[in-house]
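Visitor: Can you keep this structure in mind? I'll have questions shortly.
The values are calculated or read from the model by the stated rules, or taken from the named source; none is laboratory data. Everything numeric in this text was worked out from a predicted model, so none of it was measured. In this analysis, Cβ positions are derived from the backbone assuming ideal geometry, glycine residues included, and neighbour counts consider all displayed protein chains. Just the protein is used for accessible areas: all its heavy atoms, side chains included, with ligands, DNA and RNA removed. Shrake-Rupley method; radii C 1.70, N 1.55, O 1.52, S 1.80 Å.
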Amino acid sequence: MTETSTAHAMSELQKKWAKARLGSQALGQPPAEIPTATTLPVPEFNEADEDKNIAGPSPGGFPFDDDSSSASSVSSTGTVIPSPGRALFARPQGFASRSMDPIPWTTYFERELFLKDEAGPENGSDNKPLIVTHHAYLTSPVDKGPLFVTHHGAGSSGLSFAVLSSEIRKRLPNAGILSLDARGHGSTTITSNPFPEGGETAEDQASPPPLDLSRSTLANDLFTVIQLTKTVMHWPELPPIILVGHSLGGAVVTELAKSYRLGPSLLGYAVLDVVEGSAMDALQSMQTYLSTRPTGFATLKDGIEWHVRSRTIRNSTSARTSVPGLLAPVEELQRQQLQQPRGVAGTEGTAKPWRWKTDLAATQPFWEEWFKGLSKKFLEARGGKMLLLAGTDRLDTELTIGQMQGKYALQVFPEAGHFIHEDLPEKTAIALVDFHRRNDRSQLVLPPKVSDLLAQGKRV
C-alpha cells in the first residue's frame with residue numbers, strides 16, 4: 001500500500017466513524033469505537049521500541065538518535081503521512097518522548113579498575129608525596145586482539161568512549177578497550193601520603209597542592225595506567241596497542257607516542273578533533289563559553305538533558321552514558337575536596353546540587369601548554385597516525401602539508417560536533433577498526449629471504 005492510498009484509507013475510516021457516532025447519538029446509544037484497519041494494527045506503545053524505529057538498534061539495547069533539529073519537528077500546517085511500518089497512533093515523536101535515564105557503565109565495559117600509583121613526590125608540588133588512584137574501565141582483549149587505549153578531553157571522563165567501545169567490538173570482537181579517567185576527572189582521586197618522610201604540618205594538610213595537569217604528567221599517567229593494568233590482569237606482555245585521544249587526550253596520546261615508551265607494542269595512534277592552530281584560537285573564547293555554562297543541575301537527568309538540548313553531545317545515548325561521569329552530588333564533592341588538590345569543581349550553594357567534578361576554569365594555566373607544538377609532534381612520532389576531524393577548516397598549515405605528503409590518514413565527519421566519537425560512535429568505530437587493520441603487523445606476510453631460497457636450491 002502506497003503512502004497516498006494509506007492516507008486515503010484513513011480518510012474513509014474517519015468518515016465511517018463519524019457517521020456511526022452521529023447515528024448512535026441520535027438513537028441514544030453509546031458512541032461507537034474508532035474502527036481500525038486490520039492491516040494497520042495499533043501496537044502497545046514502548047519508548048525503547050519507538051526510538052529503535054527511528055535510529056535502529058544499538059549496543060545494550062539502547063537507542064541512537066540523530067538529534068538533528070529537522071528530525072524532531074514537523075510543520076504545524078502540513079499533513080503528516082505515516083510511512084509503512086510506523087505505528088499510526090503512537091505518541092508523537094519529539095525530545096520529550098526520549099528517556100533521559102542514565103545508562104550504567106556495565107552496559108559497555110567488563111570491569112572497572114582502581115590502580116594505585118605511589119610513584120613518589122614527583123607528582124606533587126614542592127616535593128610533597130601524593131598517591132594517585134587511577135580509575136579506568138576495561139574490556140580485555142581476547143587471544144591476540146588489540147587493545148584500544150583511550151584518553152578523554154578536558155572536563156570529560158573515560159565514559160566518553162563507552163558507546164564507541166561497543167561499536168568497536170561489534171566489528172572487531174577480539175579487541176579490548178581501556179578507558180581511563182585523567183587526574184582531576186571522573187573517579188580518579190589524588191590524596192596526600194599519610195606517612196610522608198619528615199612528617200606533614202597542619203598547614204600542609206589544610207593547603208593541598210595545585211592539581212598538575214601538564215601534558216607530560218598526563219602522558220606519564222597514561223603510561224602508568226597501561227603498565228598497572230598489565231600487572232593487575234596478569235598479562236605476560238602488552239597486547240598490540242592503538243592509542244585514541246580526543247581533544248586534550250589527543251595531545252596526551254601524541255606525547256606518549258613520541259616518547260616511544262610503549263616500544264613495539266604501539267601500532268599507531270588516532271587523534272580526534274584537535275589540531276594545534278584551531279585549538280590555540282579556540283582558547284581565546286573558552287572563558288566566555290564557561291561563563292555561559294550552567295554551574296550545576298537540580299538532577300542528573302537535567303544534566304543529561306542540557307547536554308543534548310545544547311547539542312554539546314548530539315547523541316542522547318552517548319549523553320546518558322557519559323554525563324553521569326561528569327557530575328556528582330555536592331556532598332560527595334565536598335568530601336573529596338578535603339583531600340583533593342586544588343582544581344576540582346566548586347560547591348558553593350546547594351540550589352542545584354549536581355555539580356561538575358572538574359573545574360575547567362581552574363585548568364587555564366595549562367591550556368596553552370597542552371597544544372603548543374602539537375602538530376609537529378603528531379607528525380614526528382612513530383607508528384601509524386590518523387586524524388579525525390569535524391571539519392577541514394580545522395587543519396593548520398603544517399598538518400595540511402603533512403596530509404598532502406601522505407604522512408597520516410585523515411577522515412572528516414562534517415555532521416559531527418566536537419565530540420565526534422560520541423556524536424557518531426558507529427562511523428568513528430569503522431574508521432578506527434580500519435586503521436587497526438592497516439597497521440596490524442600480525443597480518444603481514446613477508447617475502448622469503450634470498451639466502452633461504454638459495455639454501456633450498458631455488459633460482460633467484
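Visitor: List every residue whose amide H lies under 5 Å from the amide H of L410, counting only residues 5 or more places away in sequence or on a different chain, with H placed 1.01 Å from N in the peptide plane.
Guide: Amide H neighbours of L410: L387.
Visitor: What is the set of long-range amide H partners of F148 at a cut-off below 5 Å, with H atoms built 1.01 Å from backbone N?
Guide: HN-HN under 5 Å from F148: G176, I177, L178, I242.
Visitor: In whole percent, how big is the carbon plus sulfur part of the accessible area of region 367-460, probe 1.4 Å, protein atoms only?
Guide: 53 percent
Visitor: Okay, next question. At a 10 angstrom cut-off on C-beta neighbours, averaged per residue, how do the peptides 185-192, 283-290 rank from highest to lowest?
Guide: Going by the mean number of other Cβ atoms within 10 Å, highest first, we get 185-192, 283-290.
Visitor: Around E167, under 14 Å between beta carbons, what's the net of Lys plus Arg minus Asp minus Glu among the other residues?
Guide: Summing Lys and Arg as +1 and Asp and Glu as -1 gives 0.
Visitor: Over the Cα atoms of region 140-182, what is the Rg over Rh ratio if Rh follows Kirkwood?
Guide: 1.01
Visitor: Sorted by packing (mean other beta-carbon atoms within 10 Å per residue), highest first, where do 309-322, 138-151 land?
Guide: 309-322, 138-151
Visitor: From the protein chains alone at 1.4 Å, what is the descending order of accessible area for F413, F419, largest first?
Guide: F419, F413
Visitor: Kindly flag which residue pairs out of K144/K385; K301/K385; K144/K170; K144/K258 have an alpha-carbon separation exceeding 28 Å in this structure.
Guide: From K144/K385; K301/K385; K144/K170; K144/K258, over 28 Å: K301/K385.
Visitor: Which of rounded, prolate, oblate describes region 229-315, given a ≥ b ≥ c as roots of the alpha-carbon gyration tensor eigenvalues and a/c under 1.5 marking rounded, otherwise prolate only if a/b is larger than b/c?
Guide: oblate
Visitor: Counting Lys +1, Arg +1, Asp -1, Glu -1, what net charge surrounds P104 among other residues with beta carbon under 15 Å of its beta carbon?
Guide: 0
Visitor: In a shell of Cβ-Cβ distance under 12 Å around K258, excluding K258 itself, what net charge do Lys and Arg (+1) and Asp and Glu (-1) give?
Guide: +4
Visitor: Report the Cα centroid-to-centroid distance between region 140-165 and region 273-326 in angstrom, as an integer.
Guide: 20 Å
Visitor: Would you compute the Debye intensity of region 380-429 from its alpha-carbon atoms alone, equal scatterers and no solvent, and pass along log10 I(q)/I(0) at q = 0.23 Å⁻¹ to two decimals?
Guide: -0.89
Visitor: Right, another one. Would region 366-407 count as rounded, prolate or oblate if I go by the C-alpha gyration tensor, calling it rounded below 1.5 in a/c and otherwise prolate when a/b exceeds b/c, oblate otherwise?
Guide: Oblate.
Visitor: Of K376, K357, which has the most accessible area and how do the rest follow, probe 1.4 Å?
Guide: Reading off the accessible areas and sorting them downward yields K376, K357.
Visitor: Of the listed peptides 156-163, 241-248, what is their order by residue-averaged count of other C-beta atoms within 10 Å, with the highest listed first?
Guide: Highest-to-lowest ranking by the protection proxy: 156-163, 241-248.
Visitor: Can you list residues from other chains, or at least 5 along the same chain, whose modelled amide H is less than 5 Å from the amide H of I103?
Guide: HN-HN under 5 Å from I103: T321.
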